[in-house]
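Below is one structure, written out as structure tokens; the observations come after it.
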Amino acid sequence: MNRGFYIILAAQFFSALADNALLIAAIATLREMHAPLEYEPLLKLFFTVSYVALAAFVGAFADSMPKGRVMFISNAIKIGGCLMMFMGVHPLFAYAVVGLGAAAYSPAKYGILTELLPHRLLVVANGWIEGLTVIAIIVGTAVGGLLVKPDIAQTLLSFDFPLIDTGIDTIPEMSICIIGAIYIAAALFNLYIPDTGVDHRMLKKNPLYLIHDFNHSLMLLWRDKLGQISLAVTTLFWGAGATLQFIVLKWAEAALHLDLSKASMLQGVVAVGVGVGAALAARMVTMRKSVKVIPLGIIMGLIVIAMNFVHDIELAAVLLVGIGALSGFFVVPMNALLQHRGHILMGAGHSIAVQNFNENLSILFMTGFYSLLIYLNFSIYAIITLFGIFVSGSMYLVKRRHDLNQHQFDSVSLLDDSRH
């Protein structure tokens with residue numbers, strides 16, 4: 001791995017850390033406003049709507065200039081959303097602006113890997129990216145939880161700069177200000193990401209052309225025998241992962257009697273497991289063997305249902321680490337496979353935009369449905385059962401589809417021929 005790759009890792013770490021810390025701060029802000037409980041999962045819905053609405057445009061934007069510049073611009077948008085929340089804009093709308101920056105950031109973040117590295121290193125590179133992102137999630141949720149913890153928050157609020165009136169008087173304002181500084185750190189790293197030397201097409205300004213071009217890329221990836229399998233797995237994973245974040249918070253409150261600050265730490269516990277699984281996958285799974293990890297998704301969904309029977313925090317931590325490890329182990333090879341096929345079929349930026357569209361459409365659907373279940377007063381235990389059955393059943397259908405593809409011809413052989 002070269003120096004540019006490690007700069008990308010650093011930029012991704014601080015950006016992901018701030019995203020996750022801001023989510024906890026936004027939840028705390030909603031609770032301080034006495035907003036309805038179903039608003040909390042809607043934060044994720046508002047965050048991801050830009051990924052879906054702008055999917056036809058962000059891929060072309062990512063391919064139109066050096067990826068480091070795209071990442072810098074995207075982080076600037078995130079800083080703007082953070083500032084809006086600081087100035088009192090409703091958290092749902094402010095977090096939507098942060099999501100706009102994230103939607104533009106993601107194609108560049110993953111796309112630059114295919115420009116910078118040979119495809120044989122993509123599984124390893126994804127292991128690094130996902131592993132460090134997991135660390136950022138752990139640290140970010142911990143930072144968010146600590147910033148809203150009353151005793152720590154009051155200590156930070158009591159600190160004054162000599163002769164300077166900061167105007168920061170509340171816990172949400174203080175939390176958002178610190179998180180904004182983390183976004184600025186990420187933006188500084190973006191400035192040092194190297195230009196890979198890849199020619200970038202001029203951005204076509206005709207929106208009808210971009211929509212047509214995106215639709216073509218979408219159909220191309222879904223029709224590809226390997227692309228459709230890896231895309232289905234990652235789509236399900238990210239929708240389930242986003243929903244699980246809120247399920248864990250609600251479950252920790254109901255089953256373990258934890259407040260938001262402590263429950264957010266359990267989100268970090270899941271992330272520890274994802275990091276372990278991602279690291280193991282990077283060492284043990286080659287690109288050609290990536291499809292063999294699909295059954296782990298079926299197992300993961302069944303294990304999630306076991307949360308209903310856990311009321312001890314130590315046992316809960318072990319269970320959540322296990323769920324996270326299974327997730328990380330099967331999603332990293334699938335993500336690398338998807339990037340490789342997408343890069344060959346249509347180019348990095350377009351491929352990641354298609355991936356983001358599908359994954360975030362899944363997040364919109366699953367978090368929106370979860371919000372509806374909360375609104376209808378479904379028990380968290382019933383929700384966990386439905387969630388686990390849905391994940392296992394969906395992964396089983398994906399496996400059946402792959403088996404059918406293999407009966408027709410050896411789709412894995414596509415990895416040995418970049419012309420397909």
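The values are calculated or read from the model by the stated rules, or taken from the named source; none is laboratory data. Quantities reported herein were computed from a predicted structural model and do not represent experimental measurements. Note: ideal-geometry Cβ built from the backbone for every residue, glycine included; neighbour counts use all protein chains shown.
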Sole residue being surrounded by 13 or more Cβ atoms within 10 Å (Cβ to Cβ), modelled with pLDDT of 75 or more and charged (D, E, K, R), chosen from D195, D224: D224
Matching entry among S15, S50 (being within 17 Å of T141 (Cα to Cα) and among the hydroxyl-bearing types (S, T, Y)): S15
Options F13, F86, F72: the member that is under 26 Å from L188 (Cα atoms), out of contact with any Gly (no Cβ under 6 Å at 6 or more places or on another chain) and at pLDDT below 90: F86
Some residue of the stretch 375-397 being of a type outside the set (A, V, I, L, M, F, W, C), in a helix (DSSP H, G or I) and under 18 Å from the mean Cα position of the chain (by Cα): no
Candidates A142, A186, filtered to the one that is closer than 26 Å to G68 by Cα and modelled with pLDDT of 75 or more: A186
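Results for (1) surrounded by fewer than 18 Cβ atoms within 10 Å (Cβ to Cβ); (2) among the polar types (S, T, N, Q); (3) more than 28 Å from I24 (Cα to Cα), shown as yes or no for each residue.
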residue: A279; (1), (2), (3): no, no, no
residue: G297; (1), (2), (3): no, no, no
residue: F309; (1), (2), (3): yes, no, no
residue: N335; (1), (2), (3): no, yes, no
residue: L338; (1), (2), (3): no, no, yes
